[in-house]
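Notes for the one structure printed next.
Read-outs throughout are calculated quantities, based only on the coordinates presented, and are distinct from any laboratory measurement. Because the structure is a prediction, the values reported are computed rather than measured. Backbone-built Cβ (ideal geometry, glycine too); neighbour counts: all protein chains shown.
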Amino acid sequence: MTVKRVEETLIREVAAILSVDPSTIAPDVPLHELGVDSLSFVELLVVIEKTFDLNLMESGLTKEDFQSIRSLASCISRMG
């Protein structure tokens with residue numbers, strides 16, 4: 001899956017988790033600035049595992065990979 005498609009999917013999912021319009025989600029803004037807290041972060045992890053068929057415990061993703069939707073999308077697209 002391309003980085004752009006992964007990014008679009010993540011934007012939709014984060015918007016759903018935060019109950020906001022996807023158009024308000026900027027992919028380069030840090031997740032915590034978007035309003036992602038510890039509970040919504042766990043929800044996002046579950047969505048990522050299911051949507052992209054990944055085992056995050058074995059993925060090698062780091063804290064830096066989760067800085068923004070854009071950085072996360074880049075990492076996910078490389079793994080897929």
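Placing +1 on the Cβ of every Lys and Arg and -1 on the Cβ of every Asp and Glu, with no other charges, gives the stretch 4-80 a dipole of roughly 200 debye about its Cα centre.
Please state the shape class of the stretch 1-51: rounded when a/c is under 1.5, otherwise prolate if a/b exceeds b/c and oblate if not, all from the C-alpha gyration tensor. Numbers along the way, then the final one.
Values: a/c = 1.64, a/b = 1.13, b/c = 1.46.
Oblate.
For the stretch 28-80, chymotrypsin sites (Phe, Trp or Tyr not before Pro) are listed when DSSP marks them as loop and at most 16 other Cβ atoms sit within 10 Å of their Cβ; the list is empty. Using R₀ = 25 Å, calculate the FRET efficiency as 1/(1 + (r/R₀)^6) where r is the Cβ-Cβ separation of Ser19 and Leu56; round to 0.05. My answer for the efficiency is 0.60.
Once the Cβ-Cβ distance between Leu39 and Gln67 is put in as r, and R0 is 22 Å, what FRET efficiency do you end up with, to the nearest 0.05?
On the way: r = 19 Å, r/R0 = 0.87.
Efficiency at R0 = 22 Å is approximately 0.70.
Mean sequence separation of contacting Cα pairs (under 8 Å, at least six apart), scaled by the length of the stretch 3-79, corresponds to a relative contact order of 44 percent. Taking amide H atoms as placed 1.01 Å from N in the peptide plane, the amide H of Ser68 lies under 5 Å from those of Leu31, each 5 or more residues away in sequence or on another chain.
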